[in-house]
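> One structure, as structure tokens, below. Some questions next.
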Amino acid sequence: MTFPAAFLLWLMAFSCHVRLHPLRYGVSPLGPHARHIAVTGRIVAPGVAWALSAWLDGVTGVLIWFASLSIAGLCVALCLASRRR
Amino acid sequence: MRETLRTRMGWLHGWAGFVAGLLAVCIFMTGSLSVFDTEITRWMQPENQVPANAPLTDTALNAASSLIHDQQVRGASVFLTLPSVRSPTLDVLHYDGRQFVGTLFDPRTGTSIPARATMGGTFFFSFHYTLLEGITGTRIVNIIGVVLLVTIISGIVIHIRALVPDIVRVRLSAARLRGWLDAHLLVGVLVLPFTIMIIYTGVLVNAGLILPATPLTSLFTPEKVRTPPTSGMKAATVMPQPLPPLAPLLATARRDLQGRDAGFILFSPDHLSIYASDASGPFLTRDHADFSLPDGRLVGITTTSGSVAHTMQVMHGLHYARFAPLDLRWLYFVSGLCGTATIASGLVLFLMKRRSRSGHRIGFRVGESLTVSTLTGLPISILAFLWCNHLLPASMAGRDRLEIGCFLGAWILCTGHAGLQSSGLRMNGAWKTQLCLIALLGGGLPLLDILTCPRAVYGLPAIHAAIDGIGMLAAAVALYVRHRLESDGK
């Protein structure tokens, strides 16, 4: 339960990160309001994932939080790479 | 000034990474497999088909007790490991100088299981931290760990400016060198927390071997010949006491060790000690309850306290991951493989950057053949080790030694093959042939498993599917890389 939740929140954070760097990742730029939401999402999503993981599983949860960071990041990167190809 | 620092860090990152990386790939790859060492042992002992969570009965405990007493009378030093979720058998074990061997009991009936002799998953575990070279190997592994930490820090300094913005950036369609660098950075940065944690805790676990607490001068003084104490001589001649029923002692130990399950029991002629299971939590302790023999009276509880002891227990717990449930174990495994991929891509990058300038030099060719024999030779030898386990007759004497021989033999052949190809400047040929062999051995693993141990595959489908699946995954990755090599060559 902890991993899917943390994974989805990290996916959200990385997606926001990508949208905040349109030139670097080749995506369309955001308007000021959407940009504000993306900045908030990039900060809040990992924080919520951390709180949830640590609250549900303690030390194990913290390890799951880091692992979900890695795997969600890899998934986003592979999606972007395949989209570009 | 900053550019100079980056340039110097680049040199340090490249050279330290390459020299340490050749061994680090082996350490990371076998360490990743060690996460599932018990499961690999079960895959390699298809005769053991006891299901997980099989209930432990008094009959089984009594059967183990009587065997332990018999072996104690013969002077053997044995211990008993209790069933757990991962290893559901009751094992009476002793150390034969290389590994723990002994008799496996079915916890439900107390009958012994005629499991084949094998090094099992513990082979990867001991290779991971000793490189099969004992204490010297452990020292080398620790030094490699420190060098890797230096390499990581220098890598962070080099890429600090683009570390966060480029965190999910990979350009596979760009130039080859750019693509490899992006892949190296992507995997390296994303698994950085895990990599730092696992290397740091690994170094700390055996830090005493390279940074001893005793003065360094004592290391260079000749070792005194130890004379055995007279009390030890007396102890050896003491007749072991008969063992009381173990079930009540286990219940008492569980109560007095704050409800933690018992992991194993050590036996002395006049007392026994029940140790808390390593799976009880992230603090890997050696807390235990002592009982006198033969009456089974509780003598005392030993627990370690203090912040330093607790810190070390967490460091051990995080590195060994014995407390980890199955899902976290998989995450350790995947992160370990990503760490291996980071180092492997770093090795390839190091060679690619220098090929045009130094490709004709003998040093470069030696480096490249060593890289081939590490990146493809090691997976081939691991797969050969697994194939050898299933192909050798189950009752064959010395089959565990043959398994190791097969592993080392395959690796030596791969190294020789890479060396020969590099002398003729045909490195692509070495990569392609060895990748083909990985695909053949990995892809054929499920077939071999089904043909040689159909009952075990049916009895423990999850373990067999997972290990056979990893073999197939290795085959798929090898075929993909081979395909990329061919398309780049055209």
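> For the protein assembly as shown, what is the charge dipole size about the Cα centre, in debye to the nearest 20, if Lys and Arg each add +1 at the Cβ and Asp and Glu each add -1 at the Cβ?
2800
> How many partner chain Cβ atoms sit within 10 Å of a residue's Cβ in peptide A:71-81, on average, as a whole number?
For this peptide, the per-residue mean of nearby foreign Cβ atoms is 5.
> Using the alpha-carbon centroid of each, what span in Å lies between region B:386-453 and region B:17-56?
18
> Peptide B:186-193: average number of partner chain Cβ atoms within 10 Å per residue?
Mean shielding by partner chains, rounded to a whole number: 5.
> So how far apart, in nm, are the two label points at A:Cys79 and B:Glu47 if each is 7 Å from Cα heading toward Cβ?
5.1
> What do you get for the angle between helix B:399-423 and the principal long axis of chain B? Use alpha-carbon atoms, 0 to 90 degrees, nearest ten.
So the helix axis and the longest Cα principal axis differ by about 10 degrees.
> About the Cα centre, and with charges only on the beta carbon of Lys, Arg (+1) and Asp, Glu (-1), how big is the dipole of chain B? Nearest 20 debye, please.
Here the size comes out at about 2080 debye.
> Under a 10 Å cutoff between Cα atoms, tell me which one of A:Leu74, A:Leu11, A:Leu23 has the largest fluctuation in the Gaussian network model of chain A.
Per the Cα network of chain A with a 10 Å cutoff, A:Leu23 tops the list.
> Label points 7 Å out from Cα along the Cβ direction at B:Ala247 and B:Ile135: separation in nm?
That separation, rounded to one decimal, is 4.5 nm.
> Using only Cα atoms, tell me the angle between helix B:58-73 and the longest principal axis of chain B; keep it within 0 to 90° and round to the nearest 10.
90
> Then there's this: In terms of the Cα gyration tensor, with a ≥ b ≥ c the square roots of its eigenvalues, is the protein assembly as shown rounded because a/c is under 1.5, prolate because a/b exceeds b/c, or oblate?
prolate
> Between B:Asp58 and B:Ala476, how high is the FRET efficiency from 1/(1 + (r/R0)^6) when r is the Cβ-Cβ distance and R₀ = 60 Å? Nearest 0.05.
0.80
> Between A:Ala45, A:Ala77, A:Leu11, whose Cα lies farthest towards the positive end of the dipole of chain A when Lys and Arg beta carbons carry +1 and Asp and Glu beta carbons carry -1, centred on the Cα centre?
A:Ala77
> Further question: Quick one: compute the contact order of chain A, relative version, from alpha carbon pairs under 8 angstrom and 6+ residues apart, as a percent.
RCO, chain A: 41 percent.
> What number, rounded to the nearest 500 deg cm²/dmol, is the helix-based mean residue ellipticity at 222 nm of chain B, given -39500 (n - 2.57) per DSSP H run of at least four residues and division by all its residues?
-21000 deg cm²/dmol
> Within 10 Å of each Cβ in A:55-66, how many Cβ atoms from other chains are there, averaged over the peptide?
4
> Within 10 Å, count the other beta carbons around each residue, average over each peptide in B:18-24, B:136-142, and list them highest first.
B:18-24, B:136-142
> Mind checking the dipole of region B:43-120: about its Cα centre, +1 per Lys or Arg Cβ, -1 per Asp or Glu Cβ, Debye to the nearest 20?
That gives region B:43-120 a dipole magnitude of about 160 debye.
> Specify the inter-centroid distance of region A:7-22 and region B:106-175, based on alpha-carbon positions, in whole Å.
30
> Kindly point out, ordered by number, any Cys in chain B whose beta-carbon has no other cysteine beta-carbon under 4.7 Å away.
Taking the Cβ cut-off of 4.7 Å, the unpaired cysteines of chain B are B:Cys26, B:Cys338, B:Cys414, B:Cys436, B:Cys453.
> Further, regarding this structure: For B:His69 and B:Leu425, calculate 0.36 nm times their separation in residues minus their Cα-Cα distance, and state this gained length in nm to one decimal.
So the extension gain works out to 121.8 nm.
> Identify, among B:Trp411, B:Gly429, B:Leu447, the residue whose Cα sits farthest towards the positive end of the charge dipole of region B:396-466, taking +1 on the Cβ of Lys and Arg and -1 on the Cβ of Asp and Glu, with the dipole about the Cα centre.
B:Gly429
> On to the next question. Tell me the trypsin sites (Lys or Arg not before Pro) within region B:260-316 that lie in a loop according to DSSP and have at most 15 other beta-carbon atoms within 10 Å.
Passing both the DSSP loop test and the Cβ count: B:Arg286, B:Arg297.
> Assuming R0 = 56 Å, what is the FRET efficiency of A:His36 and B:Cys436, from their Cβ-Cβ distance, to the nearest 0.05?
With R0 = 56 Å, the Cβ-Cβ based efficiency is 0.55.
> Same structure again: Taking 7 Å along the Cα-to-C-beta vector as the label spot, tell me the B:Ser305-B:Glu486 distance in nanometres, rounded to one decimal.
6.8
> Which one of A:Val62, B:His13, B:Ile274 is farthest out on the positive end of the charge dipole of the protein assembly as shown, using unit charges on Cβ (Lys, Arg +1; Asp, Glu -1) and the Cα centre as origin?
It is B:His13.
Every number in this text was worked out from the coordinates using simple rules, so none of it is lab data. Note that this is a predicted model, so its numbers are computed, not measured. Note that we place each Cβ from the backbone using ideal geometry, even for glycine, and neighbour counts take in every protein chain shown.
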